Amino acid sequence: MELAAAKMIGAGLACIALAGAGVGIGTVFAALINALARNPAAQVTPFAFLGFALAEATGLFGLAVAFLILFVF
Amino acid sequence: MAIELHPLEQFTIERWIPIHIGGVDASFTNSALFMCAAVAVAIGLVVLGARRRDLVPGRWQSVAEMSYEFIAGMIDDNVGNEGRDYLPFIFTLFMFILFGNLLGMIPYGFTFTSHIIVTFAMAAVVFIGVTIIGIARHGFHFLSFFVPHGVPLVLLLLLVPIELLSYFIRPFTLAIRLFANMMAGHTMLAIFAGFVTAMGIFGFVPLGVDVLLIFLELLVAVLQAYVFAILTCLYLRDAIHLH
């Protein structure tokens, strides 16, 4: 298989990791909505944004691997 | 329908004033210009905001005070009293990354935080600084950070390498988190912008998506600066309090 073709396939496969990011972000905000619904005065929103950023980061590590495969090797 | 997309061209570094010192290329690039602009905006915000010392602040003074209070509150919550010494560093870090990200959102602006070398330099400074602070405060006792309390010896053989790995991966995750968010965001904006002209009459669909993406990217710009700063505070807390 040509290197260019293998790179394309590899980059596409690496992007499957973003599914985990989607699930994680949905979980974080579901928990936020639950918490605020039970207790609207709770100050959990900063933690929700921190959790969102950390969950998204993991998905973007997968995207970084895709970029690595496409443009570095 | 051949779409000529070059979404990664926006990240190229252009040397505007070539400067070579010895063998080192120290040219003034577009990245350097936006770094200077971010510093200028941050200094301008704080210096101009602190001009008047009203007890009930006007708008500009309010913004400067709120940004200081935000970082000071973050450090107080996460590091405690000893963290006050590091407030200037974390404030600078937060402002630099925040304005770096936000200036990149200006059309035709350059996002200097979308380069891994820039984010890795910042993350390496944070990691090395925090490790030195930990070793300076605790000496050899700093190594007890990697050995959790009350764990049987058999599990320790597995746990200590994992703890070491998760510690040494911190600069990389800090750097890649910011870099990947910025690069992926701007690449997506460029790709959808490319679709607008290629889809003819239906070009308003990718345009609408692009508008929504710009809102998302503004949120991500602020959020990533906040996450970098708060993770620095948390790593600092680990180094100072060792738990």
note = Note: among B:R177, B:R137, just one is loosely packed, with under 15 Cβ neighbours inside 10 Å, charged (D, E, K, R) and part of a helix (DSSP H, G or I), namely B:R137
key: Single condition B:G23 does not satisfy, out of (1) without any contact (Cβ under 8 Å) to a residue 60 or more places away in the chain; (2) surrounded by 10 or more Cβ atoms within 10 Å (Cβ to Cβ)   = (2)
ask   = Does A:A17 satisfy the criteria of being under 17 Å from the mean Cα position of the chain (by Cα), under 26 Å from B:E9 (Cα atoms) and more than 10 Å from chain B (Cβ to nearest Cβ)?
value = yes
task = Determine the pairs where a residue that is among the β-branched types (V, I, T), located within the stretch B:175-200, has a partner that is outside any helix (DSSP H, G or I) with Cβ atoms under 8 Å apart, the partner being 6 or more residues away or on another chain.
result = B:T187/B:P7; B:T187/B:L8; B:I191/B:L5; B:I191/B:P7
remark   = Of those in the stretch B:147-172 that are without any contact (Cβ under 8 Å) to a residue 12 or more places away in the chain and among the β-branched types (V, I, T), the residue farthest from B:D238 (Cα to Cα) is B:V154
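In the list A:V28, A:V44, which residue meets the criterion of being β-branched (V, I, T), out of contact with any Ser or Thr (no Cβ under 7 Å at 6 or more places or on another chain), surrounded by 11 or more Cβ atoms within 10 Å (Cβ to Cβ) and within 22 Å of B:A180 (Cβ to Cβ)? Full working, then the answer.
Values: A:V44 fails: within 22 Å of B:A180 (Cβ to Cβ).
Checking each option against the conditions leaves just A:V28.
Just name the residue that is farthest from B:V227 (Cα to Cα) out of those in the stretch A:38-57 that are in a helix (DSSP H, G or I) and more than 9 Å from every other protein chain (Cβ to nearest Cβ).
Step by step, filter the stretch A:38-57, then rank; the result is A:R38.
Here, each number is a calculation from the coordinates, and none is a lab measurement. It should be emphasised that the depicted structure is a prediction, and the values quoted were computed from it without experimental measurement. Cβ: placed from backbone, ideal geometry, glycine included. Neighbour counts: every protein chain shown.
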